[in-house]
Structure formats: C-alpha cells, structure tokens
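Structure first, then comments.
The values are calculated or read from the model by the stated rules, or taken from the named source; none is laboratory data. Note that this is a predicted model, so its numbers are computed, not measured. Cβ: placed from backbone, ideal geometry, glycine included. Neighbour counts: every protein chain shown.
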Amino acid sequence: MPKRDPSSIRSSEQKQGSDPPPPPGKAASDAPPIVPPVAIRGFLLHRDFLDRTSQEAMVADLRAVAGEAPFLRPVTAWGKPMSVQMTSAGRLGWVTDRRGYRYEPLHPGTGEAWPAIPDGILAVWRAVSGTGRMPDSCLVNFYGESARMGLHQDKDEGDFRFPVVSLSLGDEALFRMGGTTREERTESVWLRSGDVVVMGGEARLAYHGIDRIRFGSSTLLPQGGRINVTLRCVTSA
C-alpha cells in the first residue's frame, strides 16, 4: 500500500495520587472506573485513556492545527529526511534541519506563530501529568505505512523536572523503551489508538522509539496511519 499524506486525515466526525477528571468527551457520571496506569521501566501507560468520541474530536482539532501550520517532512542535522511528517502547536515548536534539533516560535515554512494547543489535548495533560505547569509545546507526528522513529532521548528541553506526555491516535505502533544509555536492554509494547504514555522521573531521559506501525489496524483515520501527539514543558518558567 502507498504511504498516506497527513492532509488526508479526516474526522469521522490523574493527576496521579488524586481523583483525576474524566477523560475528555466523558461526563463524570458516564466515565468508567479509573484504571491505574501500567508501569513499564518507569514509563506509565494509560491504556484506552481516550474513548472513540474523544479521539475523533482530537483528530478534528489536529486537522485545524495542520491547516494553520502545515505538516513538513524534516531532515536531520546530517541531511537525512525523516520518515515521519511533523507540525506543532503551542508557544514553541520542535524543529530539525541542518542546524540541528531545537525549539522555534515560528513555523519554518509559513513564518507564522504556531497555533494554540487544542483544549482537548490540554485536558489530557492536566489529567495525567501530575503538575500544574502547562506545556509549552505540542509536537504532532504523522506516521505513514513505513514510518518509524529511532531510539532517542527527549533532551532538548531546559528543565527535566516536568514529564513528557504522549498520545496515540490511529494505527497501532510498536513502542520500544530503554534506559538512559543506549547499551541498556529494551522492552517493547504495542500502543493502541487512545493510549497515553507518561515519561517522567526515571523515564524522563530514557531512550524510546517506534519500530513500526501496524498499518490498517485502526479505523480512526479512514486512509490509515498514526498520529502521535507529544506534550513537553520546554522552559523552566
């Protein structure tokens, strides 16, 4: 099957240690019992955190983001094109080119400020991040059929006290988790649409990546593919 472009995306449409609000799209009376996250090597996996209605609403919000800040296929500092396509929302967007990895306040293609982070995405952060600090950046990656993401650390931020929160939408992805050095053993788990992963504490600087996606495993995106949303606090204030 050919790769799918993100422009084809169409909507078919805890705080830990306390009682978190219901997932976006659910009233408190309709919310199922809170299921504790699964801890894997310090990564906290919230299975099926987003219901289908919430996922569809989030895809619609992200289509609006991409309308203002179009997806780009970035290149590494060595000039190698990445297999994913990227855009961002929030005060700062993560970019990569021959000048290296960094955060920028403007979209490199349009020269305009990044769109605001959608409220539904911020609601997930509030529910699982364990901090009152709100994220500066919302990176949006689109994975086509053959896209992947090599093992890497999230270390371009100025303060590692705050967690990284990752949301999965669409096709399943094989998520690999390691330690703080490349030499440590790794462990993998399939992420489903609606899953949320929190990387904080010992996992904040752990290596992680996506080995492959299971193309066509979800019906959320009619033409297939996966969206990964990553929320980060970039600055210390």
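For this structure, a couple of remarks:
- Answer residue from the range 208-232, given it is within 15 Å of the chain's Cα centre (by Cα) and farther than 19 Å from residue 65 by Cα and is surrounded by the fewest Cβ atoms within 10 Å (Cβ to Cβ) among those: 209
- If you go through the range 115-124 and keep only what is assigned to a loop (DSSP other than H, G, I, E, B) and either in contact with a helix residue (DSSP H, G or I) (Cβ under 8 Å, 6 or more places away or on another chain) or not hydrophobic (A, V, I, L, M, F, W, C) (or both), you end up with 115, 118.
- Residue among 96, 131, 87, 110 that is surrounded by 14 or more Cβ atoms within 10 Å (Cβ to Cβ), among the polar types (S, T, N, Q) and out of contact with any Lys or Arg (no Cβ under 9 Å at 6 or more places or on another chain): 87
- Restricting attention to the range 89-109 and to residues that are touching a Pro at 6+ places or on another chain (Cβ under 7 Å) and of a type outside the set (D, E, K, R), the residue that is farthest from residue 61 (Cα to Cα) turns out to be 96.
- Of the set (1) at pLDDT below 95; (2) out of contact with any Ser or Thr (no Cβ under 8 Å at 6 or more places or on another chain), all apply to residue 158 but (2).
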